[in-house]
Amino acid sequence: MDPEIGRSIVELKMVRDINMDNGNVYVNIALTVAHCPLAKTLQADVESAVRKLEGVRSIKVETTTMSRKELEELKLHLQAQASPSSPSKSGAGVAPGIERLGKRGLRSIIAIISGKGGVGKSFVTSALASDLKRRGYEVGVLDADLTGPSIAKVLGVSGKPFKGPGGSIVPLRTRTGIKVMSINLVLEDPSMPVVWRGPIVNSVIRQLYWEVDWGDLHYLLVDLPPGTSDAPLTVFQSLPLDGVIVVSSPQELASMIVSKAVNMAKKMDVPILGLVENMSYLKCPGCGERISLFGDPKGEKLAVELGLPFLGAVPLDPAIARLSDQGRIEDYSSPIIASIADELRIRATKQVEQLTQGLPIAWSVEPGH
Ligand SMILES: Nc1ncnc2c1ncn2[C@@H]1O[C@H](COP(=O)(O)OP(=O)(O)OP(=O)(O)O)[C@@H](O)[C@H]1O
Ligand SMILES: [Mg+2]
């Protein structure tokens, strides 16, 4: 049995080679994760199982690692097997460990969604990433918005990502060390419109996750385009998300638009960590009075209506627009962003704990682990 996933290694297609010569047995096992902390346990289990067989004089167990592609195929295969008719990510019958298969060194994968465009998803994504990085966490940002270069731009990264020694793509790093990968960094001219059709969107997003060497991260934040189109759907279906954050603004005329995005997350069984209202109000620089430019802030009420935790209201702040334009959003800090990041940390940790309950591996989301 794979100690982490709780299934037979034969079923998981991990047995690569078996050789027997005059009672000397050689077994090669492909691990689902390189440097898997449980590899030694697995090796010892195989050795003791083989030793019990008649005629075995010696046993040697070696390990290799599955390629990302093999891993993804395996995951899809197991999911399809467990729930052939259910579109949900963790349909009935899927052993909890299978969700861990695609995680590699990533501890908490969180997508940022909204109903409407321009509400500040990319800002919230990059500001949270900056805050978490400042606290010592390893953070990555995956730009799943294929239509514009906003994430790379606000985080001030440019240049082309390159291929590492193993053939995987090395993400770019921001000044403070946040890893960033965006298809817009790869395009010849990011200002040229590209028509992304459904299947291409699907494959590009999968590549941004599977073919990029994200390494060990505490948080991978996924910035999505607005709404419930192909890209958000692909992210929900093919990345092992731990949760989503919903961003709204008081300009949204109907809560229906937000609830569409919320319902998509619910349908796909992805936990919603909470709602952030951005551009909530303007603080007068002279007297400090709160001016509600778009009518009364309604985030908190909306969160209650939708049954979501309310994570906080972010004011309109000229510094945000200025620092975004200059590619220096990492310099932005505010008490409200810090408190949202705190909530995110607490809720994401709980989520990971719940997912891994009963698994013999200690997942930790604290820096330095
Ligand atoms: N609280 C804020 N105060 C001032 N400007 C803001 C604030 N939040 C976002 N902005 C600015 O508003 C614009 C839109 O924000 P952003 O790009 O983050 O939205 P988005 O939801 O990601 O948009 P899209 O749907 O196009 O991806 C940007 O120019 C950004 O700098
Ligand atoms: Mg955006």
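The values are calculated or read from the model by the stated rules, or taken from the named source; none is laboratory data. The model shown is predicted, which means the values in this text are computed figures rather than measured ones. A quick note on method: Cβ atoms are made from the backbone with ideal geometry, for glycine too, and the neighbour counts reach across all protein chains shown.
Annotations
- Against the conditions (1) part of a loop (DSSP other than H, G, I, E, B); (2) away from ligand 1 (no atom under 14 Å from the Cβ); (3) free of Cβ contacts under 8 Å to residues at least 60 places away in the same chain, Glu305 satisfies every one except (1).
- Residue within the range 132-143 that is part of a loop (DSSP other than H, G, I, E, B), modelled with pLDDT of 95 or more and crowded, with 20+ Cβ neighbours inside 10 Å present: no
- Answer residue from the range 144-165, given it is at pLDDT 90 or above, assigned to a loop (DSSP other than H, G, I, E, B) and buried (at least 16 other Cβ atoms within 10 Å of the Cβ) and is nearest to ligand 2 (Cβ to nearest atom) among those: Asp145
- Each residue in the range 308-336 was checked for being out of contact with any Ser or Thr (no Cβ under 7 Å at 6 or more places or on another chain) and either away from ligand 1 (no atom under 13 Å from the Cβ) or farther than 30 Å from Pro149 by Cβ (or both), and 7 of them qualify.
- Boolean, Leu220 is in contact with a Phe, Trp or Tyr (Cβ under 9 Å, 6 or more places away or on another chain) and away from ligand 2 (no atom under 16 Å from the Cβ): yes
- Qualifying positions in the range 294-308 - surrounded by fewer than 14 Cβ atoms within 10 Å (Cβ to Cβ) and either of a type in the set (Gly, Ala, Ser) or in contact with a strand residue (DSSP E or B) (Cβ under 6 Å, 6 or more places away or on another chain) (or both): Gly295, Gly307
- Failed condition for Ala127, given (1) of a type outside the set (Lys, Arg); (2) within 13 Å of ligand 1 (Cβ to nearest atom); (3) in a loop (DSSP other than H, G, I, E, B): (3)
- Residue count for the range 214-232, restricted to those that are crowded, with 19+ Cβ neighbours inside 10 Å and away from ligand 1 (no atom under 16 Å from the Cβ): 5
- Selection of the range 270-301 for residues being within 16 Å of ligand 2 (Cβ to nearest atom) and under 16 Å from Ser259 (Cβ atoms) yields only Val276.
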